[in-house]
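To start, the structure itself, in structure tokens.
The values are calculated or read from the model by the stated rules, or taken from the named source; none is laboratory data. Here the structure is a predicted model, which means the values were calculated and not measured. Using ideal geometry, Cβ is built from the backbone for each residue, glycine included, and neighbour counts are taken over all protein chains shown. Just the protein is used for accessible areas: all its heavy atoms, side chains included, with ligands, DNA and RNA removed. Shrake-Rupley method; radii C 1.70, N 1.55, O 1.52, S 1.80 Å.
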Amino acid sequence: MKEVNPKETCRAYAFEMWMNAPMPMVTLFKTLNVSRLVKISRKTGMKFNMLMCYCIGKAASGVKEFYLLPVGNKLIQYDSIAVNTIVANKEDEVSSCDIPFYDDLSLFNQHYLQLTKQVAESCANHDLTESMVIGTSALAQYEIDGAVGMYSGIFNNPFLIWGKYKRHLLKTTLSISFQFHHTQMDGAHASCFLNGLQKEIDKL
């Protein structure tokens, strides 16, 4: 990771317009067809949440805006992406776990299982400060349509939330919300990412 001059990036105008905005976050909603992920999860025993995180990392890795993130008053460029997941720990609380993204699904799954187990047992967060982290929160037991207003003023990272997937006659769907800092990307970039996420799910 390194600091870059915003004026020398494609986000120069957005940096000027949105860095000091009282609410610079934007949230988009999308309903995904996750029938393939459910089928793969049942067939292989791989966790549905892991498969979602993998597809998120895969889709994000193809959008260059994900490698830039406003941190404090600076614009930081990253060489790698990680996906965060919230883990229920042994004290019946939650901890945060950053998982490095690997294009190889089996390698990503290996790190996912290892790191989430480590965090659950230690009750200590696992943070990857050298990677641009995409936050996620899976409320898999609850039927929700999305979430807004997660901006803390400290963390500007993109963030996805989803609840319980819904079974239909011919497919299974999942409603997600995607929040991002407007300095990092525009609505078109975010929409491209969400379309890419559906494509990654379909071809997994």
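Is it the case that ASN195 is at pLDDT 95 or above, within 22 Å of LYS30 (Cβ to Cβ) and open to solvent by 60 Å² or more (accessible area, probe 1.4 Å)?
On the way: at pLDDT 95 or above: yes; within 22 Å of LYS30 (Cβ to Cβ): yes; open to solvent by 60 Å² or more (accessible area, probe 1.4 Å): yes.
Yes, satisfied.
Could you list, in sequence order, the residues of the stretch 125-171 that are touching an Asp or Glu at 6+ places or on another chain (Cβ under 8 Å), assigned to a strand (DSSP E or B) and either among the hydroxyl-bearing types (Ser, Thr, Tyr) or in contact (Cβ under 8 Å) with a residue 40 or more places away in the chain (or both)?
Hit for the stretch 125-171 is VAL133, nothing else.
Exactly one of these conditions fails for LEU32: (1) part of a strand (DSSP E or B); (2) under 18 Å from PHE155 (Cα atoms); (3) open to solvent by less than 40 Å² (accessible area, probe 1.4 Å). Give me its number.
(2)
Exactly one of (1) within 22 Å of ASP145 (Cα to Cα); (2) out of contact with any Phe, Trp or Tyr (no Cβ under 9 Å at 6 or more places or on another chain); (3) of a type in the set (Val, Ile, Thr) is unmet by VAL83. Its number?
(2)
Mind listing just one residue for me: the one in the stretch 142-161 that is of a type in the set (S, T, N, Q) and modelled with pLDDT of 90 or more and, of those, surrounded by the most Cβ atoms within 10 Å (Cβ to Cβ)?
Taking the candidates together, the pick is ASN156.
If you check every pair at least six apart or on different chains, which have Cβ atoms under 9 Å apart with a residue in the stretch 91-105 that is of a type in the set (Gly, Ala, Ser) first and a residue that is part of a loop (DSSP other than H, G, I, E, B) and crowded, with 16+ Cβ neighbours inside 10 Å second?
SER95/ASN89
Rundown of residues vs (1) open to solvent by 10 Å² or more (accessible area, probe 1.4 Å); (2) under 14 Å from the mean Cα position of the chain (by Cα), yes/no style:
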site: SER41; (1), (2): yes, no
site: ASN49; (1), (2): yes, yes
site: MET52; (1), (2): no, yes
site: VAL63; (1), (2): yes, yes
site: ASP79; (1), (2): yes, no
site: ALA82; (1), (2): no, yes
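So that you can scan it fast, the table gives a plain yes or no per residue for (1) open to solvent by less than 20 Å² (accessible area, probe 1.4 Å); (2) in a strand (DSSP E or B):
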site: THR173; (1), (2): yes, yes
site: PHE178; (1), (2): yes, yes
site: THR183; (1), (2): yes, no
site: ALA188; (1), (2): no, no
